[in-house]
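Written below as structure tokens is the structure these notes are about.
A short reminder: the numbers here are calculations on the coordinates, not readings from a lab. Computed from a predicted model, the values in this text were never measured in an experiment. All Cβ positions, even for glycine, are placed from backbone atoms using ideal geometry, and neighbour counts span all protein chains on display.
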């Protein structure tokens, strides 16, 4: 997994590329930390370039959402497609975290 | 009806006057026609009743067949298990719900696993801080011990004046040793806790790898299963609708057939009207034959013949038949209003 953070105004944008699996949990911690320490009230996680996600990856997204909420922030997912979108729909993550196409 | 033996009176009866050949011929022909008509009426009635029975049986069989078909289809689309009946169409939905439940549990475990690792990582960071503090304490203690040693040396040089100070420096050395022992125990505890936490993290990682190996983690199999179940569900719903449509068509066809057979049976009941007409003709023939047999001498008598005509017409209940006979026997056109015949006289079956 690779990630790029763009912060400006009310939104912090995190682009995640490659695969998001259990092996990425240490690196993803930096994403969670960046969102929580940001001044932005909304975090947008862009999955447009994410090729594959496993259940741990979904678990990490849910964890990021939980911690952001505790910090009074909102998270939304954007750009998910193919396998990633199917897994999001199957796991009904879209009922917990808003998903935008 | 009377049977006739031409010119052969029964025993004990008065002799019958000799008739003309034509009268005998007419009498014979009328008697035969009467018998043939009566026989034909019976035949038609018997056959009509038989046909009617067959058609009625056909209608009942058709209705039973449709009912059995409905029951069979109901059995095909359901499965019984433990006294409960499951609709086949709902089975993929049950499987989907079960799959959804399993997926949700995997996600909860995944999330909790990652959250646990993150928490343990944070604890490890704190423990590292504690270990660093212990290191600092040890460094300070080393420094203290060195100072204590220097104090002892200086106290020795001072001689008797430095005796008290030497006692204090020795107490300091003793304290330093105790601090060493304490930091050693703390380092050991920190090492054990760190080892345990790393062990827990390692086992969680191993469990994730095992889950990955059986494909529970990447959810691909669940995605495929969900799609296949959706296809299966749609196919089953479509097939069920098709069966219901076909069953509906079959029921409609059976109903139409039953109605048509009913119409046929109703149409055949008008055989009874034919029977009444035939019986009217037979009755007329019977009276003519009786008259000729009993009153051959009155054949030329106008009054007797008019009485016979009136008797024949009076015995006919069907108006159209009566009109026909009236026209042919009296030559008069009768302007009787067309009234429906009394249908209650028709014996329905």
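Overview of results
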{"quantity": "DSSP bridge orientation in the protein assembly as shown - percent antiparallel, rounded to nearest 5", "calculated": "40"}
{"quantity": "Per-residue average of Cβ from other chains inside 10 Å of B:237-247", "calculated": "0"}
{"quantity": "Degrees separating the helix B:21-76 axis from the principal Cα axis of chain B, which is the longest one", "calculated": "0"}
{"quantity": "Between 0 and 90°, nearest 10: helix A:25-37 axis offset from chain A longest Cα axis", "calculated": "30"}
{"quantity": "Inter-label distance for residue A:10 and residue B:131, nm, one decimal - labels placed 7 Å from Cα along Cα-to-Cβ", "calculated": "4.6"}
{"quantity": "Acute angle (nearest 10 degrees) that the helix A:55-70 long axis makes with the longest principal axis of chain A, alpha-carbon atoms", "calculated": "20"}
{"quantity": "Whole-number percent relative contact order across chain B, with pairs defined as alpha carbons under 8 Å at least 6 apart", "calculated": "28"}
{"quantity": "Relative contact order (%) - criterion: Cα under 8 Å, at least six apart; region: segment B:109-229", "calculated": "28"}
{"quantity": "Chain B, helix-only ellipticity at 222 nm - DSSP H runs n ≥ 4, -39,500 (n - 2.57), divided by all residues, nearest 500", "calculated": "-29000 deg cm²/dmol"}
{"quantity": "Linear extension gain, residue B:244 paired with residue B:324, 0.36 nm per residue minus alpha-carbon span", "calculated": "23.0 nm"}
{"quantity": "Estimated FRET transfer efficiency when R0 is 25 angstrom, pair residue B:88-residue B:231 (beta carbons, to 0.05)", "calculated": "0.95"}
{"quantity": "Euclidean distance between Cα centres, segment B:54-68 to segment B:157-177, Å", "calculated": "123"}
{"quantity": "Sites residue B:177 and residue B:200, calculated FRET efficiency, Cβ-Cβ separation with R0 30 Å, nearest 0.05", "calculated": "0.30"}
{"quantity": "Kirkwood Rh in Å, taken over segment B:142-241 so that all alpha-carbon pairs contribute", "calculated": "20.2"}
{"quantity": "Over segment B:46-176, relative contact order from alpha-carbon pairs under 8 Å, at least 6 apart, %", "calculated": "12"}
{"quantity": "Ratio Rg/Rh [Cα only; Rh per Kirkwood] for segment A:2-100", "calculated": "0.92"}
